[in-house]
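Since the structure comes first, as structure tokens, the remarks are kept for the end.
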Amino acid sequence: MANKVAIVTGASGNLGQAVVAKFLTEGYKVIGTVIPNDPVANTITHENFETKVVDLLDDAGSNQFIEGIISNHARIDVAILTVGGFAMGSISETKTADIIKQYRLNFETAYNIARPAFIQMMKQDSGRIFMMGSRPGLDAMHGKGMVAYSIAKSSLFQLAGLMNEEAKGTNVVTTIVVPSTIDTIQNRKSMPDADFEKWVTPHSIADIIFYHCTEQALVIREPILKVYNKS
């Protein structure tokens, strides 16, 4: 039986690498995207894993990437979109340009892959798309002081809702994953006094995402996964 095919954007990141490793372990063919001149080395080597350099802000280039996967593998079973960016800033500190920058980093990088992947999944009548939300995007209370980031992330929830409306009656589902603070080396360095036990690990998030691709999760629709651990 041919491998199922998963796309992971941001494959060199902490979460991206955890997701790649999980889906490889479960027998998937995984195609990961990395940015041009990516300074982060991807340490995963596997016969079913390949990386492609893709500028996710480029609509045409992102479409070409998806078309190449369809040409080579004839289907896309899962797309996990981990790329994004973050910025602080209150309303008084946030200009339109700041919002546009965050919108591009958090929404466009997801939409440019989600859209062509969704079109293919609708044609094959199956597929799962996962986009990374955030607490500030879900609830304004958590977005205080992060205005541009909060607005950009909130757009993903609306997109997921629209996709799920279009996909009603099919086996295509778009999910928003909302983690609390992710336990990474970078976050530990920036918040050394925090209680790391309350954070959520990249591997835990990867496990939750994979579960929602299994037969047991087929009946779940329009999910928002709040992966908070003890936070």
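The values are calculated or read from the model by the stated rules, or taken from the named source; none is laboratory data. This structure is a prediction, so every number in the text was calculated from the model and none was measured. For neighbour counting, all protein chains shown are included, and Cβ atoms are generated from backbone atoms with ideal geometry for every residue, glycine included.
Out of all the residues in segment 215-231, which are hydrophobic (A, V, I, L, M, F, W, C), within 21 Å of L162 (Cα to Cα) and surrounded by 14 or more Cβ atoms within 10 Å (Cβ to Cβ)?
So in segment 215-231, the residues hydrophobic (A, V, I, L, M, F, W, C) come out as 217-220, 224-225, 227.
Remaining after also requiring within 21 Å of L162 (Cα to Cα): 217-220, 224-225.
If the condition is that a residue be hydrophobic (A, V, I, L, M, F, W, C), within 21 Å of L162 (Cα to Cα) and surrounded by 14 or more Cβ atoms within 10 Å (Cβ to Cβ), then A217, L225 are the ones that fit.
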For L162, which of the numbered conditions (1) among the hydrophobic types (A, V, I, L, M, F, W, C); (2) farther than 25 Å from T214 by Cα; (3) not in a loop (DSSP other than H, G, I, E, B) fails to hold?
-> (2)
Could you check L81 against (1) out of contact with any Phe, Trp or Tyr (no Cβ under 7 Å at 6 or more places or on another chain); (2) hydrophobic (A, V, I, L, M, F, W, C); (3) within 27 Å of M122 (Cα to Cα) and say which number it fails?
-> (1)
Every listed condition ((1) at pLDDT 95 or above; (2) closer than 22 Å to L15 by Cα; (3) touching an Asp or Glu at 6+ places or on another chain (Cβ under 8 Å); (4) not aromatic (F, W, Y)) holds for D55 save (3)
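Within segment 183-202, can you find the residues that are surrounded by 15 or more Cβ atoms within 10 Å (Cβ to Cβ) and either out of contact with any strand residue (DSSP E or B) (no Cβ under 6 Å at 6 or more places or on another chain) or in a helix (DSSP H, G or I) (or both)? Can you show your working first?
Initially, segment 183-202 is screened for residues surrounded by 15 or more Cβ atoms within 10 Å (Cβ to Cβ), giving 183-184, 187, 199-202.
Answer for segment 183-202, where residues must be surrounded by 15 or more Cβ atoms within 10 Å (Cβ to Cβ) and either out of contact with any strand residue (DSSP E or B) (no Cβ under 6 Å at 6 or more places or on another chain) or in a helix (DSSP H, G or I) (or both): D183, T184, N187, W199, T201, P202.
Residues I69, I100: which one is buried (at least 18 other Cβ atoms within 10 Å of the Cβ), more than 23 Å from I208 (Cβ to Cβ), modelled with pLDDT of 95 or more and hydrophobic (A, V, I, L, M, F, W, C)?
Values: I100 fails: buried (at least 18 other Cβ atoms within 10 Å of the Cβ).
Unique residue meeting the criteria: I69.
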Quickly run through segment 119-142 and pick out the residues that are in a helix (DSSP H, G or I) and of a type in the set (A, V, I, L, M).
-> I119, M121, M122, L138, A140, M141
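Here is a yes/no grid of residues against (1) of a type outside the set (A, V, I, L, M); (2) without any contact (Cβ under 8 Å) to a residue 40 or more places away in the chain:
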position: V53; (1), (2): no, yes
position: S71; (1), (2): yes, yes
position: V78; (1), (2): no, no
position: L81; (1), (2): no, no
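Out of I113, I91, I31, which single residue is surrounded by 15 or more Cβ atoms within 10 Å (Cβ to Cβ) and either out of contact with any Ser or Thr (no Cβ under 6 Å at 6 or more places or on another chain) or farther than 29 Å from N171 by Cα (or both)?
Details: I113 fails: either out of contact with any Ser or Thr (no Cβ under 6 Å at 6 or more places or on another chain) or farther than 29 Å from N171 by Cα (or both); I91 fails: surrounded by 15 or more Cβ atoms within 10 Å (Cβ to Cβ).
None of the others qualify; the one that does is I31.
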